[in-house]
Amino acid sequence: MTKTPVPKKPESLDQEQFLTILSREDALARFEAALFPREPNGELRKLADVLGSALSEDVVAPIDVPPFDRSNVDGFAVRSADLSAASEAAPARLRLNDEVIACGVAPARPVLSGTATSIATGGPLPRGADAIVMVEHTQPSGSRAIDIRRAASPGQFVSYAGSDIARGEALLRAGTIVGSREIGMLAACGIAEVMVARKPRVAVLSTGDELVQPGNALWPAAIYDTNGAIVTAAINENGGEARFYGAIADDEAALEAAMRKALAESDMLVLSGGTSKGAGDVSHRIIARLGKPGIIAHGVALKPGKPLCLAVCDGKPVVILPGFPTSAMFTFHDMIVPVLRRMAGLPPRSDAKVSARVPVRIASELGRTEFVMVSLVEGADGLIAYPTGKGSGAITSFAQADGFLKIDALADQMPANAEAEVTLFTPHVRVPDLVIVGSHCTGLDLVTAPLARAGLAVRSIAVGSLGGLAAARRGECDLAPIHLFDDKSETYNTPFLSEGLELVPGWRRMQGIVFRKGDARFEGKSAQEAVRSALADPACIMVNRNQGAGTRILIDRLLGEARPDGYWNQPRSHNAVAAAVAQHRADWGMTIAPVAHASDLGFIPLAEEHYDFALVRARKQRAAVQAFLDALSSEEGRAALTKAGFRPA
Ligand code: AMP
Ligand code: MG
């Protein structure tokens with residue numbers, strides 16, 4: 001794809017405001033009231049095609065199972081009264097009837113007093129018999145009789161008709177998801193077809209000029225369409241049958257045509273993006289023309305997810321999810337899944353919940369129900385939940401989180417050390433074996449790779465060096481990766497350790513100046529010369545690093561008093577610096593060698609940064625910690641680090 005759109009002229013700078021924001025509960029109640037009750041959409045399907053579907057009606061057993069009284073063992077059908085006096089000393093002798101009742105054979109002769117009939121497991125009880133004697137408890141007496149040395153109680157080894165399933169009994173309830181066990185019950189009753197809920201067909205549309213489908217190349221300023229894939233999957237996970245209609249540009253006519261077609265072919269339409277009330281956002285205006293009653297809620301007191309738009313058009317739900325993928329998913333799960341499941345004939349979702357302590361304070365906006373994603377780790381006395389939020393634009397926080405907690409609309413914060421209820425994304429918590437909290441480095445994945453292969457779950461939570469140290473002091477992690485430079489002692493990391501922590505040397509990361517290859521201002525120069533030549537060119541723009549970053553100290557030393565253009569652009573990661581230079585937004589900056597090389601940029605080495613680990617001494621003997629230390633010092637680990645451009649300590 002080479003499509004590079006020209007920027008549109010601003011048509012209007014008007015921003016309609018969200019005038020009526022509904023509470024989450026209010027919005028959901030109105031949405032459901034506009035959709036339910038509705039005609040059930042059951043369809044008759046063969047047993048072979050119903051696995052995973054929800055029954056749309058109760059199923060009543062049409063027959064007794066078993067259909068007749070039957071023997072549970074191989075033996076003889078008898079009248080128990082004939083054996084009431086039988087004992088070791090005085091065995092009872094019964095004459096054998098001229099019949100053998102195998103499985104599937106209907107008995108022809110009655111069992112009269114003083115007689116017995118040979119019967120196999122599963123065989124129907126003959127007339128007159130009321131008990132079975134196991135073959136092991138009999139002795140033949142000639143070929144025509146048996147001796148029995150013990151009494152038999154009435155009903156012994158007999159399963160009565162209907163004892164498993166009784167005719168007329170409610171076998172399965174509407175809403176039950178059909179699994180193999182349910183299919184077994186239906187088959188046992190001879191049921192070949194059942195009424196199941198037809199999965200609602202849900203059309204999925206992404207909107208935005210900037211969206212490119214995965215598998216195609218990005219053009220400058222484009223991003224991949226994340227919502228298309230994630231919303232489609234989430235619909236299928238919750239009883240719908242999703243159909244993806246692609247990403248449509250922000251063009252009112254094209255979008256309206258796509259929405260009309262998608263809605264006509266489906267039971268429900270889910271869009272994402274374009275729901276802010278900005279000038280380019282047109283989908284909500286289109287919805288108003290699609291059918292009655294139209295928009296139910298536009299603006300819901302949720303965080304993330306305020307711009308959510310809920311509508312019903314001639315009986316079909318139409319939804320616009322916010323554009324940011326995590327906002328889209330939270331609103332989808334919280335507000336759309338209940339409706340989708342009801343349409344699909346499924347019971348409400350029952351997500352597993354656990355209680356956990358939240359070690360840090362979480363500020364929250366008053367008046368909005370706030371969802372905060374968390375990672376769970378095992379603490380000394382119970383689970384600890386770490387907020388993993390990186391803002392509503394981050395998709396990785398979704399993948400790394402174990403679940404989320406909810407902060408009530410009426411609270412302006414969750415204080416540190418509060419006990420919170422965490423709703424899990426998966427049915428069970430898997431508490432990680434090794435918890436690493438601190439500064440992230442791509443080298444970390446290389447070292448932990450063998451742990452993952454050995455089945456150990458490693459959780460690494462990126463909160464920066466200082467955040468990691470704080471977590472380590474509180475004993476909430478095993479290791480805190482840090483790269484903190486102490487100006488006074490001119491050493492890394494050691495001066496920052498406190499009681500209970502010890503330093504495990506990690507690796508060195510060469511820091512230096514990045515520039516685009518072939519740029520004569522930098523090519524072939526030393527770092528000092530390169531900076532001098534950058535400062536001499538008024539057209540040259542730099543990219544800085546955030547205050548507190550070790551790299552920033554190096555930059556400031558090189559610059560002295562100079563504050564060149566770009567100085568105030570202060571991203572927080574090595575990768576952002578490389579991206580700015582590669583994309584011509586800046587001409588030089590400082591990053592680490594592996595990142596510069598991965599972006600195919602020129603690199604002038606300057607100084608090595610020490611990336612080490614603050615180890616919580618009290619947790620040193622844990623097996624996973626030992627495995628990490630082994631991996632760190634192993635030949636394999638050191639070779640992998642070296643290959644990626646790091647220098648193992
Ligand atoms: P919008 O509501 O259209 O203004 O979108 C808000 C933000 O979400 C913008 O940064 C969009 O680029 C982003 N966004 C919208 N749709 C998608 C999508 N399908 N996948 C990933 N990001 C999206
Ligand atoms: Mg958009």
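The values are calculated or read from the model by the stated rules, or taken from the named source; none is laboratory data. Note that the coordinates shown come from a computational prediction; the quantities given were computed from them, not determined experimentally. As a convention, Cβ positions derive from the backbone with ideal geometry for all residues, glycine included, and neighbour counts pool all protein chains shown.
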Task: Subset of the stretch 470-492 [touching a residue at least 60 places away in the same chain (Cβ under 8 Å), under 14 Å from GLY550 (Cβ atoms) and not in a strand (DSSP E or B)] - done: HIS483, LEU484, ASP487
Task: Residues of the stretch 252-279 satisfying the condition of being assigned to a helix (DSSP H, G or I) and not aliphatic (A, V, I, L, M) - done: GLU252, GLU256, ARG260, LYS261
TODO: Find all pairs meeting these conditions: Cβ atoms under 9 angstrom apart; at least six residues apart or on different chains; first residue within the stretch 210-234 and free of Cβ contacts under 8 Å to residues at least 12 places away in the same chain and more than 16 Å from ILE248 (Cα to Cα); second residue within 9 Å of ligand 1 (Cβ to nearest atom) and in a helix (DSSP H, G or I).
DONE: none
- [ ] Give the stretch 633-648 a look and list any residue that's among the hydroxyl-bearing types (Ser, Thr, Tyr) and assigned to a loop (DSSP other than H, G, I, E, B), or say none.
- [x] SER634
Open item on the list: Conditions first: (1) surrounded by 15 or more Cβ atoms within 10 Å (Cβ to Cβ); (2) of a type in the set (Gly, Ala, Ser); (3) at negative phi. SER489 passes all but one, so which condition is the exception?
Closed with: (1)
Task: Wholly enclosed strands (runs of 3 or more DSSP E) of the stretch 175-251 bearing at least 3 residues closer than 24 Å to PHE398 by Cα and within 16 Å of ligand 2 (Cβ to nearest atom) - done: 201-207
Open item on the list: For the stretch 267-275, check the following and say yes or no: at least one residue is closer than 19 Å to ILE230 by Cβ and touching a Lys or Arg at 6+ places or on another chain (Cβ under 8 Å).
Closed with: yes
Open item on the list: If MET259 meets every condition in (1) surrounded by fewer than 22 Cβ atoms within 10 Å (Cβ to Cβ); (2) over 21 Å from the mean Cα position of the chain (by Cα); (3) within 16 Å of ligand 2 (Cβ to nearest atom); (4) modelled with pLDDT of 95 or more apart from one, which number is that one?
Closed with: (1)
TODO: Identify all residues within the stretch 262-275 that are more than 16 Å from ligand 2 (Cβ to nearest atom) and touching a residue at least 24 places away in the same chain (Cβ under 8 Å); write none if there are none.
DONE: ALA262, LEU263, GLU265, SER266, ASP267, MET268, LEU269
Open item on the list: Out of the residues in the stretch 300-330 meeting the condition of being out of contact with any strand residue (DSSP E or B) (no Cβ under 7 Å at 6 or more places or on another chain) and over 23 Å from ILE230 (Cβ atoms), tell me which one is nearest to ligand 2 (Cβ to nearest atom).
Closed with: ASP314
Open item on the list: Looking only at the stretch 234-256, filter to residues that are over 20 Å from the mean Cα position of the chain (by Cα) and aliphatic (A, V, I, L, M); which one of those is nearest to ligand 1 (Cβ to nearest atom)?
Closed with: ALA247
Open item on the list: Scan the stretch 44-52 and tell me whether some residue there is outside any loop (DSSP other than H, G, I, E, B), more than 24 Å from ASP164 (Cβ to Cβ) and more than 53 Å from the chain's Cα centre (by Cα).
Closed with: no
Task: The listed residue being touching a Phe, Trp or Tyr at 6+ places or on another chain (Cβ under 9 Å) and modelled with pLDDT under 95, out of ILE513, ILE541, ILE553 - done: ILE553
TODO: State all residues of the stretch 71-90 that are of a type outside the set (A, V, I, L, M), touching a strand residue (DSSP E or B) at 6+ places or on another chain (Cβ under 7 Å) and buried (at least 18 other Cβ atoms within 10 Å of the Cβ); if no residue qualifies, say none.
DONE: SER71, GLY75, PHE76, ASP82
Task: Pair list, Cβ under 9 Å, 6 or more apart: the stretch 556-579 residue at positive phi, other residue surrounded by fewer than 16 Cβ atoms within 10 Å (Cβ to Cβ) and not hydrophobic (A, V, I, L, M, F, W, C) - done: GLY566/ARG585
Open item on the list: Suppose we filter SER276, SER206 for residues that are more than 26 Å from the chain's Cα centre (by Cα) and within 11 Å of ligand 1 (Cβ to nearest atom); which single one remains?
Closed with: SER276
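The rows are residues; the columns are (1) of a type in the set (A, V, I, L, M, F, W, C); (2) touching a residue at least 40 places away in the same chain (Cβ under 8 Å); (3) within 30 Å of GLY42 (Cβ to Cβ); (4) not in a strand (DSSP E or B).
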{"site": "PRO62", "(1), (2), (3), (4)": "no, yes, yes, yes"}
{"site": "ALA77", "(1), (2), (3), (4)": "yes, yes, no, no"}
{"site": "LEU94", "(1), (2), (3), (4)": "yes, yes, no, no"}
{"site": "ASP98", "(1), (2), (3), (4)": "no, no, no, no"}
{"site": "VAL105", "(1), (2), (3), (4)": "yes, no, no, yes"}
{"site": "THR117", "(1), (2), (3), (4)": "no, yes, no, no"}
Open item on the list: Here is a check on your reading of the model: is ARG285 in contact with a helix residue (DSSP H, G or I) (Cβ under 8 Å, 6 or more places away or on another chain), part of a loop (DSSP other than H, G, I, E, B) and surrounded by fewer than 18 Cβ atoms within 10 Å (Cβ to Cβ)?
Closed with: no
TODO: Return only the number of the condition from (1) surrounded by 24 or more Cβ atoms within 10 Å (Cβ to Cβ); (2) within 15 Å of ligand 1 (Cβ to nearest atom) that LYS306 does not satisfy.
DONE: (1)
TODO: Taking VAL231 as the residue in question, decide whether it is within 14 Å of ligand 1 (Cβ to nearest atom), crowded, with 22+ Cβ neighbours inside 10 Å and either modelled with pLDDT of 95 or more or acidic (Asp, Glu) (or both).
DONE: yes
Task: Among (1) within 17 Å of ALA233 (Cα to Cα); (2) crowded, with 21+ Cβ neighbours inside 10 Å; (3) under 21 Å from the mean Cα position of the chain (by Cα) - the single one LEU269 does not satisfy - done: (3)
Open item on the list: Out of everything in the stretch 432-453 that is aliphatic (A, V, I, L, M) and more than 23 Å from the chain's Cα centre (by Cα), what residue ends up being nearest to ILE384 (Cα to Cα)?
Closed with: LEU444
Task: Single residue of the stretch 276-299 satisfying the filter (among the basic types (Lys, Arg) and modelled with pLDDT of 90 or more) that is nearest to ligand 2 (Cβ to nearest atom) - done: ARG289
